[in-house]
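Report on the following structure.
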Amino acid sequence: MKLEFTAEFFRGNREKLRELFAGTAPIVLAANGLLQCSTSSTYPFVQDGNFWYLTGIDEPNLILVLDKNKEYIILPELSHYQEVFDGSSTPEELARLSGIETILSSKDGWRQLNTRLKRVKHIATIAAPAAFVATYGMYTNPARADIIKKIKNSNPAVELLDLSQHLQRMRMVKQPIEVDMISRAISATIAGIEFVEKKYRKKQYAHEFDVELDLSRQFWKQGAQKQSFEPIIASGERGLTLHVADKAVIDPDKQLLLDVGAQYRHYAADISRTWTIAPTKRFTSVHAAVCEVADFAMSLLKPGVILKDYEKQVESFMGEKLRELGLIKIIDHESVRQYFPHATSHFLGIDVHDVGDYGYPVAAGVVLTVEPGIYIPEEGIGVRIEDDVLITTDGCQNLCKALAR
């Protein structure tokens, strides 16, 4: 029997958050807001993962309030333009999805919340990110910063308590229904990858974008809703760049690297494979080394492992493989990272790079990627193999084992 999300799932998550927080301060959380794309249009809306995890609602600009034994959602005030062109879910529909019976208008909701804000010393929320994250060169959604500003305007003396760690550790360990959704996303992704591999080996693709179109079509056929992230389809030397748009011509005499994933009911897959039609001896050696590192990494994963420590062990083993390939002479951090510049694993779930605490021991139910890669600019070779694994009671299960490497 296939599992489906019900209000009980989201209600249970809210109760778990209350238990972990163990405080009496009101919890106030914001949905993501819409972001401008052009003069009067927005980018496709993507809900904040934490807000969806607690409510199941895919509407922008809402506020969730958990206050002792009370809980309610505050609706945004919509303009006439929004009502005519965009529409929105009814309060009855929001209540059905979330299990939250009290859905208040912006005016009534803020009146009730402001009355409470003026009487408390603490408010629990999620800390706002920086407006601009230089590492990724991106601007962040302003919704969290906006709600904090409104809270402070209501009560400048109130102290904020950050719920980020509680939600990170909650979302790290997947419930059975979440594992089921990730598995369905993985199945859809595998079907798409197998479909395009057959055509690739028959030299039926001219451009990288043609591969993406076929992947999207196959994902939809398998019941997935969309790509879980912008796909990476890179021919030849383009595979040396970790994140690259698929705009180039495919060279059938060089390797093709795919890093792709389908999304199923909000949950992501993330799988990488590197192919070549006529592998050279060198390519085969590099590919085999990446597979050995992947197998070694999986052999380490079990409950109690701390990912920061695990990454050091994988880095050391990767160093041995790089030395065997003649790429480095001394195994140290700088030498290894010259050819293996990224982490081996990240959390996977609602977000393809899901939230989690990398300094906290993993437990049964955690889902991770395992994605070692070797990139050799001077030889024009880039190989990445990525599988998604589930931590079990005594080790880990490769959820992508049905897909050949």
With the dipole of segment 173-398 worked out from charges on the C-beta (+1 for Lys and Arg, -1 for Asp and Glu) around the Cα centre, which of Gly304, Ser335, Pro279 lies farthest toward the positive end? Pro279
Considering the zone a paramagnetic label at Asn398 would reach in this model (a point 7 Å from Cα along the Cα-to-Cβ line), which residues of segment 264-292 have amide N under 19 Å from it? 269-276, 284-292
Roughly what angle does helix 208-221 make with the longest principal axis of the chain, taking Cα atoms, 0 to 90 degrees, to the nearest 10? 60 degrees
With 21 Å as the limit, write out which pairs from Lys203/Lys247; Lys202/Lys226; Lys203/Lys321; Lys203/Lys401; Lys226/Lys254; Lys199/Lys221 have Cα-Cα distances beyond it, or answer none. Lys202/Lys226; Lys203/Lys321; Lys203/Lys401; Lys226/Lys254
Equivalent ellipsoid semi-axes for segment 173-398, as square roots of 5 times the alpha carbon gyration tensor eigenvalues: give them largest first, rounded to whole Å. 26, 25, 12
Diffing segment 342-347: the Karplus 3J(HN,Hα) column from phi (6.51, -1.76, 1.60, θ = phi - 60°), in whole Hz with x for Gly and Pro, holds 10, 5, 7, 9, 9, 5
Are there any chymotrypsin sites (Phe, Trp or Tyr not before Pro) in segment 101-156 that are in a DSSP loop and have at most 10 other Cβ atoms within 10 Å? List them by number. Tyr136
Reciprocal mean inverse distance between Cα atoms of segment 7-169 - Kirkwood radius, Å: 16.5 Å
Mind checking which of Leu160, Ile103, Ser41 is farthest towards the positive end of segment 7-169's charge dipole, using Cβ charges of +1 (Lys, Arg) and -1 (Asp, Glu) about the Cα centre? Leu160
Pop a pseudo-label 7 angstrom from the Cα along the beta-carbon direction at both Phe9 and Ala206 and give the gap in nm to one decimal. 4.2 nm
Kirkwood hydrodynamic radius over Cα pairs of the chain, then Stokes diffusion coefficient at 4 °C and 1.567 mPa s, in µm²/s: 56 µm²/s
Cα axis of helix 143-154 to longest principal axis of the chain: angle in degrees, 0 to 90, nearest 10? 30 degrees
Greater than 27 Å apart at Cα, pairs in Lys70/Lys121; Lys121/Lys150; Lys16/Lys312: Lys16/Lys312
Charges at C-beta only: +1 for Lys and Arg, -1 for Asp and Glu. How large is the resulting dipole of the chain about its Cα centre, in Debye rounded to 20? 520 debye
Over all pairs of distinct alpha carbons, what does the Kirkwood formula give as the hydrodynamic radius of segment 44-125, in Å? 13.7 Å
Once you place label points 7 Å from the Cα toward the Cβ at Asn155 and Ala130, how far apart are they in nm? 3.1 nm
Among trypsin sites (Lys or Arg not before Pro) in segment 200-290, those in a DSSP loop whose Cβ has at most 14 other Cβ atoms within 10 Å are Lys202, Lys203, Lys247
Helix 176-201: angle to the longest alpha-carbon principal axis of the chain, degrees 0 to 90, nearest 10? 40 degrees
Dipole moment magnitude, nearest 20 debye, segment 7-169 about Cα centre, only Lys, Arg, Asp, Glu C-beta charged: 800 debye
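We did not get these values from a lab; they are worked out from the coordinates using the rules stated. In this text, all values refer to a predicted model and were calculated from it rather than measured experimentally. All Cβ positions, even for glycine, are placed from backbone atoms using ideal geometry, and neighbour counts span all protein chains on display.
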